[in-house]
Amino acid sequence: MKSLLVTGYRAHELGIYDQKHKGIPYIRKAIESRLVPLIEEGLEWIVTSGQYGVDLWACEVAIALKQTYPQLKLSILAAYTNPEEKWNEVKQEYYRGILQHVDYYGFVSKQPYQGVWQLTARDELLLRRTDGLLLFYDEDAGEASPKYMKLKAQKRHAEDGYPIMTITAEDVQTMAEEEQRDMEY
């Protein structure tokens, strides 16, 4: 596997409204725990759509991992130009800070948001251009936006065996519990 699409919940779907939320470090640890073995097996590119939430936390993880694995590359492929323009200033600064560390940044549509067709085209391109998916989604927690990517990936999986790996809320909880145990010793 040379390229991996990493995506999942938007921050608000997890009840996270700023970067200070205590759950974010555990989400990043869960992502890292899945990425490191793949990188050590030859993963070269981590690709996200750059949406505020799991996508950008995965970017943070990739940026940090580049220090240990300098061959690792990071790409954000957004659906349309300036996806952050309607975000508050703090989120915009955060996004632009991440953009400074990506190896490739592009858009499926070189126009501002016009419709859901841009998101659909982005998802199709991301699935076509990657060798597998790491998805943070927990169906048991109720439906949310990652459901649509999962359905599209499952269709591709049925066609050609496209690998789908998941992170669930339970995985994140395990990371939190492990850290808590480590602090007790």
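The values are calculated or read from the model by the stated rules, or taken from the named source; none is laboratory data. If you're wondering where the values come from, they're calculated on a predicted model, not measured in any experiment. Please note: Cβ atoms are built from the backbone with ideal geometry, for glycine as well, and neighbour counts cover all protein chains shown. Please note that ligands, DNA and RNA were not included when accessible areas were found on the heavy atoms of the full protein model with its side chains. Shrake-Rupley method; radii C 1.70, N 1.55, O 1.52, S 1.80 Å.
See the values below:
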quantity	calculated
Residue count, the stretch 137-185 (criterion: over 16 Å from the mean Cα position of the chain (by Cα) and more than 20 Å from Gly50 (Cα to Cα))	28
Selected residue [closer than 24 Å to Gln19 by Cβ and either acidic (Asp, Glu) or open to solvent by 50 Å² or more (accessible area, probe 1.4 Å) (or both)] from Tyr105, Tyr80, Tyr185	Tyr105
Residue count, the stretch 11-28 (criterion: open to solvent by less than 40 Å² (accessible area, probe 1.4 Å) and under 16 Å from Thr48 (Cβ atoms))	3
Long-range neighbours under 8 Å by Cβ, at least six apart or interchain, first residue within 16 Å of Lys73 (Cα to Cα) within the stretch 16-41, second open to solvent by 70 Å² or more (accessible area, probe 1.4 Å)	Leu38/Met1; Glu41/Met1
Residue that is surrounded by the fewest Cβ atoms within 10 Å (Cβ to Cβ) [pool: residues in the stretch 130-143 that are assigned to a helix (DSSP H, G or I) and of a type in the set (D, E, K, R)]	Asp140
Residue match in the stretch 144-165 (condition: part of a strand (DSSP E or B) and either closer than 26 Å to Ala62 by Cα or modelled with pLDDT of 95 or more (or both))	yes
From the options Ala30, Ala64, residue that is touching a helix residue (DSSP H, G or I) at 6+ places or on another chain (Cβ under 6 Å) and of a type outside the set (Lys, Arg)	Ala30
Cβ-Cβ under 9 Å pairs, at least 6 apart or on other chains, the stretch 125-143 side without any contact (Cβ under 8 Å) to a residue 12 or more places away in the chain, far side assigned to a loop (DSSP other than H, G, I, E, B)	Glu139/Thr168
Failed item in (1) closer than 23 Å to Leu125 by Cβ; (2) basic (Lys, Arg); (3) in contact with a Phe, Trp or Tyr (Cβ under 8 Å, 6 or more places away or on another chain), with Lys86 passing the rest	(3)
Cβ-Cβ under 8 Å pairs, at least 6 apart or on other chains, the stretch 81-105 side closer than 25 Å to Val116 by Cα, far side among the basic types (Lys, Arg) and open to solvent by less than 70 Å² (accessible area, probe 1.4 Å)	Glu84/Lys91
